[in-house]
C-alpha cells in the first residue's frame with residue numbers, strides 16, 4: 001500500500017496559515033498549478049499560467065508557489081496538484097469546425113483527441129521535468145485533475161463530438177458490439193418509466209440550489225425513466241460504458257507518461273472513483289465508474305476525493321469505495337473540505353453562505369476530530385482543505401497538531417484490523433442500467449450510506465468484484481445496493497462468499513430483475529424469496545443465510561437500520577444513532593448535539609484513553625459521556641481482558 005499523508009491544502013498561498021500548520025507538526029502542503037478558471041469564473045491560483053501558448057511554457061510561474069513557501073518553511077514537503085485542463089487560448093487556437101473543446105466542462109468530447117492529448121502531454125513533460133530537477137526531493141506526490149472541478153468530471157452529459165464518435169466506433173469494434181451510431185438523447189424516452197422508484201425527487205442533485213430554469217424539462221424532471229431497457233436500449237448502456245472507459249483510459253495515458261519524468265519514489269494520485277453517494281448527472285454520465293480498471297493498473301498509487309456527509313452530525317466518509325482501493329493495495333486520500341463561518345471566497349470575497357457547514361469553534365473542532373478519527377480508523381490519508389483561506393482558527397490548528405501526534409503514533413504501529421460487521425456493496429457494472437439523468441438515480445446507495453453513517457455501528461464499503469478478496473467471515477450483514485443483474489458468475493460468487501454462515505443479505509429494489517438480457521420482475525423472487533415491489537420488509541430464512549428485500553431504500557431510517565442490524569447479530573457500539581468508527585485499536589464516535597451517550601464494547605479492556613483529553617477508563621467494556629454541544633471522541637483500546 002502507498003504511503004500515508006496528513007497535509008494542508010489551499011488554492012492560494014496561505015503562507016501564514018501554512019506556518020501555523022507547520023508549527024503544529026503538519027509539514028506537507030498540497031499546492032496547485034493551473035492554467036484555467038474555476039467554476040466561479042476566477043483563476044484557480046494566485047500565480048500566472050505556466051502554459052502560455054503553443055509549445056510555450058513559463059517555468060518561473062511554476063516555481064512561484066514552491067519558492068514562496070520554502071522561503072518561510074524550508075522543511076516543507078509537497079503534494080503537487082496538477083490541473084491538466086486546457087487554458088482558454090488553446091480552445092480558441094484555430095478551433096473552428098469542432099476541432100477543439102473546453103476540457104473543463106466537455107472532457108468527454110475532447111478526451112479522445114490526439115491533438116489535445118499530445119499538446120497536454122508535452123506540457124506535462126515540460127512541467128514534470130522542470131519540477132523534478134528543481135524540487136524533486138521536496139515533492140512527495142503528484143495528483144492529477146482535469147474536467148469539471150478538476151475532478152475528472154465529464155459534465156457534457158454524453159454529448160458527441162468528432163473524436164467521441166470515432167472512438168465509440170472503435171470501441172464497439174474492439175468489444176464486438178453492433179455499431180449503431182451514438183444513441184441520441186431521445187432514445188431515453190424508451191426507458192422503463194413505470195419502474196422508477198416513486199416519491200419525492202432527491203434534492204442533492206447537481207442542480208439543487210441553483211437556477212435550473214433553462215435546463216431541458218425532459219432532463220430536469222424524469223429524463224425518460226429511471227432505468228434503461230436492457231433490450232431496447234442496449235446501445236445506450238454500451239455507450240455509457242464506453243464513455244467511462246474513455247475517461248479511465250485518458251487518465252492512464254497521462255499517468256503512464258508522468259512516470260517517465262518523476263523520481264522513482266514519487267507517488268501518483270488521481271481524483272477519481274466517486275460512487276458511494278453520487279446521483280443525478282454524477283454516475284455513468286460523469287465518467288467515474290471504471291475505477292476498478294484504474295486501480296488494477298500500475299499507474300496509480302492513491303485516489304483522492306472529498307469527504308461526504310460533512311454536516312455536523314453526519315458521518316463523513318469517502319466518495320470512493322475504500323474497501324476496493326485497499327483490496328488493490330492502493331491508498332485513499334480524503335479531502336476534509338471544512339467550510340466555516342470564517343472561510344473566504346475568491347480574492348478575499350464573501351464565501352457562499354449556503355456552503356458554510358461549521359458555524360462556531362465547537363462545530364469546527366468536532367468536525368476536525370471526526371475527520372482525524374475516521375481516517376485513523378480506516379487507515380486512509382487526509383488533507384485539510386482551505387479553498388481560498390480563512391477556514392481554520394489558531395485554536396483549531398493547535399487541535400490538529402494534537403491529532404498529528406496521535407496520527408504519528410498510530411501509523412508507527414502495524415496495520416489495524418477493522419471491527420466492521422456490516423458490508424455495503426456497490427456495483428459499478430450495474431450502475432450502467434440506471435439513467436443517472438433521473439433525479440432519483442442515487443436512491444439505491446445514498447440512503448444506505450447516510451443511514452449506516454448514523455447507525456451506531458462501524459461498516460465498510462466495497463465493490464461486488466471485491467467479494468472473493470475480502471475477509472467475508474467477519475461480516476454478519478451484507479447490503480447489495482445495485483443487484484439488478486446477477487449472471488451465473490455473480491451468483492457463484494454470492495453462493496461461495498456471501499450467502500452462507502447465517503449472514504443477513506439485504507437486497508435493494510430488484511435483485512436479478514435483469515435476467516438473460518431482459519427486464520424480468522418474476523426473477524426477483526427467485527433471488528431473494530419475495531416478489532418484486534413487495535412493500536413489507538420481512539426476513540426470509542434460507543438454508544444457510546437470511547434474506548431481506550427492501551424495495552425502496554428511502555424507507556430505511558437510522559432507527560430501522562439499527563433494528564435490522566441487531567437482528568443480524570451486529571454489535572451496536574452507541575446507545576443511540578450516531579457515527580461510530582472502530583478497529584482493533586481505536587474507537588471514534590461523533591455526535592451532532594448535546595446529550596449523554598453510552599459506548600458498549602464487545603470485550604473488556606484494561607485501559608481505554610480518550611486521546612484528545614487524556615481521560616482514562618480501566619477494566620471496563622462501557623463508557624458513558626455527556627457533551628454540551630457537538631463533539632467527537634477518539635478512544636485508544638488497550639489490553640483486552
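See the values below:
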{"item": "The listed residue being touching a helix residue (DSSP H, G or I) at 6+ places or on another chain (Cβ under 7 Å), at pLDDT 95 or above and at negative phi, out of 617, 605, 581, 635", "result": "581"}
{"item": "Residue check, residue 153 at pLDDT 95 or above and in contact with a strand residue (DSSP E or B) (Cβ under 7 Å, 6 or more places away or on another chain)", "result": "yes"}
{"item": "Only one of 69, 65 that is at pLDDT 95 or above, in a helix (DSSP H, G or I), within 22 Å of residue 344 (Cα to Cα) and out of contact with any helix residue (DSSP H, G or I) (no Cβ under 9 Å at 6 or more places or on another chain)", "result": "65"}
{"item": "Subset of region 458-484 that is out of contact with any strand residue (DSSP E or B) (no Cβ under 6 Å at 6 or more places or on another chain) and closer than 18 Å to residue 568 by Cα - its residue that is surrounded by the fewest Cβ atoms within 10 Å (Cβ to Cβ)", "result": "471"}
{"item": "Residue 547 being loosely packed, with under 14 Cβ neighbours inside 10 Å and at pLDDT 95 or above", "result": "no"}
{"item": "Number of positions in region 344-370 that are under 22 Å from the mean Cα position of the chain (by Cα) and farther than 29 Å from residue 42 by Cα", "result": "3"}
{"item": "Spans of strands (runs of 3 or more DSSP E) in region 529-641 with at least 1 residues under 27 Å from residue 416 (Cα atoms), in contact with a strand residue (DSSP E or B) (Cβ under 8 Å, 6 or more places away or on another chain) and in contact (Cβ under 8 Å) with a residue 12 or more places away in the chain", "result": "580-582, 586-591, 595-610, 616-627, 631-640"}
{"item": "Of all residues making up region 88-122, the number that are touching a strand residue (DSSP E or B) at 6+ places or on another chain (Cβ under 7 Å) and surrounded by fewer than 21 Cβ atoms within 10 Å (Cβ to Cβ)", "result": "2"}
{"item": "Any hit, region 440-454, residues being surrounded by 23 or more Cβ atoms within 10 Å (Cβ to Cβ) and more than 18 Å from the chain's Cα centre (by Cα)", "result": "yes"}
{"item": "Some residue of region 33-40 being in a loop (DSSP other than H, G, I, E, B), crowded, with 19+ Cβ neighbours inside 10 Å and out of contact with any helix residue (DSSP H, G or I) (no Cβ under 9 Å at 6 or more places or on another chain)", "result": "yes"}
{"item": "Any chance residue 120 is in a loop (DSSP other than H, G, I, E, B) and touching a residue at least 24 places away in the same chain (Cβ under 8 Å)", "result": "no"}
{"item": "Condition met for residue 21 (under 25 Å from the mean Cα position of the chain (by Cα) and either at pLDDT below 95 or closer than 22 Å to residue 344 by Cα (or both))", "result": "no"}
{"item": "Residues satisfying the stated conditions in region 1-18, i.e. in contact with a helix residue (DSSP H, G or I) (Cβ under 6 Å, 6 or more places away or on another chain), surrounded by fewer than 20 Cβ atoms within 10 Å (Cβ to Cβ) and under 25 Å from residue 412 (Cα atoms)", "result": "4"}
{"item": "Residues being in contact with a strand residue (DSSP E or B) (Cβ under 8 Å, 6 or more places away or on another chain) and surrounded by fewer than 20 Cβ atoms within 10 Å (Cβ to Cβ) - total across region 293-309", "result": "2"}
{"item": "Residue 128 being in a helix (DSSP H, G or I), modelled with pLDDT of 95 or more and out of contact with any strand residue (DSSP E or B) (no Cβ under 8 Å at 6 or more places or on another chain)", "result": "no"}
{"item": "All positions within region 240-277 that are surrounded by fewer than 24 Cβ atoms within 10 Å (Cβ to Cβ) and not in a helix (DSSP H, G or I)", "result": "262, 263, 264, 265, 266, 267, 268, 276, 277"}
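The values are calculated or read from the model by the stated rules, or taken from the named source; none is laboratory data. This one's a predicted model, so the numbers in the text were calculated from it and none came from an experiment. Methodologically, a virtual Cβ is constructed for each residue, glycine included, from the backbone with ideal geometry; neighbour enumeration extends over all protein chains shown.
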